[in-house]
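> Quick one: this structure, given as structure tokens, is what I'll be asking you about.
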Amino acid sequence: MHHPRSHRYPGERAELKKLEAAGHPFCLVNQHFEGERFCEVDADHEAGDYEAVTHLLDQGFRQIAFLNGSPQYSNSGDRLKGYLRGMEQAGVIRADAGGRAEVPPHLYYEGNYSRTSGIRAAAALRPHLDRVDAVFVANDRMATGLMQGLREFGVRPGRDVAVVGYDDSDTARVTDPPLTSVAVPFYEMGKLAAEKPLQRIAASDGEAEEGFQIRLKTELVVRQSSNKMK
């Protein structure tokens, strides 16, 4: 059973609570804390992952492995939810009697969002490639490392195994083959994260603004790495 830890930096949460209690305006970007009402601007990572997995399923892939990021980050949990939703709906992964999805160990891997951890994941994935036909990766850096590691084993990304990344970074356009990836509106997220606290500071009544949670849409950008070879 693979689920991200719900405990995420208790010291960080405590410090944010102090800022909130003191009335200091702040806004979290690309991170959130369950059970809190902090001001947050994030992307809808669950929906982005679901769209990426659905794309692979529509291409005819079924045994889709997931290389996730560090479970201490909230967006790793969101990504896992989207992956599970897509795989459950397709009947590839089934829930147990308690309604929890069981991910086969050969389909789930964790890195730390670095390229090096993607290379390590390729080595962990290698013994299972006869049972995996696609890999969805939680960011482009790890996807790039994974593709590099697979090539070192003689496995051709985009031909022997499909790969989809996340973030739609500049790197995604120049990988070999070009990487299908989920585009995240980072500029819009940063703009809103700056505007909202400034609006609060400028408020004439001085009353504390309640926390808000904004989730912006992502967009799947399809390239050659996820093509189903005929």
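> Could you rank the peptides 85-91, 164-170 by their average count of other C-beta atoms within 10 Å per residue, with the highest value first?
164-170, 85-91
> Hey, another quick one. Only Cα pairs under 8 Å and at least 6 apart count here; give the relative contact order of the range 47-121 as a rounded whole percent.
36 percent
> With a 1.4 Å probe and every protein chain left in place, work out the accessible area per residue of the range 51-119 in Å², rounded to a whole number.
40 Å²
> Mind listing the long-range amide H neighbours of Arg223? Cut-off is under 5 Å, sequence gap 5 or more, other chains count too, H placed in the peptide plane at 1.01 Å from N.
Amide H neighbours of Arg223: Thr180, Ser181.
> Which loop-located trypsin sites (Lys or Arg not before Pro) does the range 89-167 contain, where loop means any DSSP state but H, G, I, E or B and the Cβ has at most 16 other Cβ atoms within 10 Å?
For trypsin sites (Lys or Arg not before Pro) across the range 89-167 that sit outside H, G, I, E and B with at most 16 neighbouring Cβ atoms in 10 Å, the list reads Arg94, Arg100, Arg159.
> What is the range 84-154's relative contact order, in percent, from Cα pairs under 8 angstrom and six or more apart in sequence?
Relative contact order here is 30 percent.
> Now, a different point. Taking 0.36 nm per intervening residue step and subtracting the Cα-Cα distance, what contour gain separates Lys191 from Gln213 on full extension? Mind dumping the intermediate values first?
Numbers: separation 22, 0.36 × 22 = 7.92 nm, distance 1.45 nm.
Separation in residues times 0.36 nm, less the Cα-Cα distance, equals 6.5 nm.
The values are calculated or read from the model by the stated rules, or taken from the named source; none is laboratory data. Quick caveat, the model's predicted, so the values are computed rather than measured. With ideal geometry, Cβ positions are generated from the backbone for all residues, glycine too; neighbour counts draw on all protein chains shown. The protein model used for the area step is the full one, side chains on, heavy atoms only, and it has no ligands, DNA or RNA in it. Shrake-Rupley method; radii C 1.70, N 1.55, O 1.52, S 1.80 Å.
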